[in-house]
Amino acid sequence: LGRTNELAALDRVLDAARAGSEGTLVLTGAPGIGKTTLLDAAWQRAHDFERVRIAGREAEADLAWSGLASLVLACRDWREPSLALLREVVEGARRSLVSVGSALHTLLVRRGERTPVLLLIDDAQWLDPPSAGAIAFAVDRFAADRIAVLVAQRPGSPVRFASADEHVVDGLGQESARALLRSRWSLPLEVMDRCIALTGGN
């Protein structure tokens, strides 16, 4: 409901990857605004992609390489030399951020040669710094690769993707918010509009 522009932006990134041109889109918005729901929609629209999804966790934000560990687990059936390097890092081997980022870049690019790849990253603000740095290093170096990257994060997130487009996800407009409320409850119009005003459509 009320997300026509956001869905169109998702489709542009997916279509670019299908055509052989990578794209990265960062969805930024307040908690509860609907970023995860948009990632769910992208997952459904990318049925012809190889899909990988991870999410940052607040409890693990200070745990080095926890985000990368989640990515390795999500890619556990990918038999690639780069994956072996990533596993070494997760298991405690000392590697530089650049070498890990390069390995991740190689891993995703090789997969993209076979079929388009969709990487979804939810709650990126909770990624631990080493993982966030390695992922950003890899993503910022995609070129003519069949890879789509969609990131959801809160305002003020320390994670930065230099090559990404950013879309700010705001609250629902009044008509869409009314439709959402009507789908769940029978409320007087004045009560609905008061809820919409108080929450800013969130």
Run down D122, D165, D145 and say which single residue is in contact with a helix residue (DSSP H, G or I) (Cβ under 8 Å, 6 or more places away or on another chain), closer than 27 Å to F49 by Cα, of a type in the set (D, E) and open to solvent by less than 20 Å² (accessible area, probe 1.4 Å).
D122
Based on what the data block shows, is S176 assigned to a helix (DSSP H, G or I), hydroxyl-bearing (S, T, Y), over 23 Å from C75 (Cα atoms) and touching a residue at least 12 places away in the same chain (Cβ under 8 Å)?
yes
Filtering region 125-137 down to residues that are among the small types (G, A, S) and crowded, with 22+ Cβ neighbours inside 10 Å, which residue is nearest to G156 (Cα to Cα)?
A132
Exclusive hit being modelled with pLDDT of 95 or more, of a type in the set (A, V, I, L, M, F, W, C) and open to solvent by 20 Å² or more (accessible area, probe 1.4 Å), set A84, A41, A46:
A41
Of L118, L198, L189, L127, which residue is touching a Leu at 6+ places or on another chain (Cβ under 8 Å) and among the hydrophobic types (A, V, I, L, M, F, W, C)?
L118
Return the total of residues in region 57-75 being within 18 Å of G101 (Cα to Cα) and either at pLDDT below 85 or not aromatic (F, W, Y) (or both).
12
Selected residue [of a type in the set (D, E, K, R), free of Cβ contacts under 8 Å to residues at least 12 places away in the same chain and not in a helix (DSSP H, G or I)] from R114, R184, R141, R160
R184
With the condition being touching a residue at least 60 places away in the same chain (Cβ under 8 Å) and within 18 Å of the chain's Cα centre (by Cα), I'd like the helices (runs of 4 or more DSSP H) fully within region 1-111 carrying at least 2 qualifying residues.
4-18, 35-45, 66-74
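The values are calculated or read from the model by the stated rules, or taken from the named source; none is laboratory data. The structure displayed is predicted, hence computed values, not measured ones. Heads up, the Cβs are rebuilt from the backbone with ideal geometry, glycines too, and the neighbour counts pull from every protein chain shown. With ligands, DNA and RNA removed, areas are computed over all heavy atoms of the protein, side chains included. Shrake-Rupley method; radii C 1.70, N 1.55, O 1.52, S 1.80 Å.
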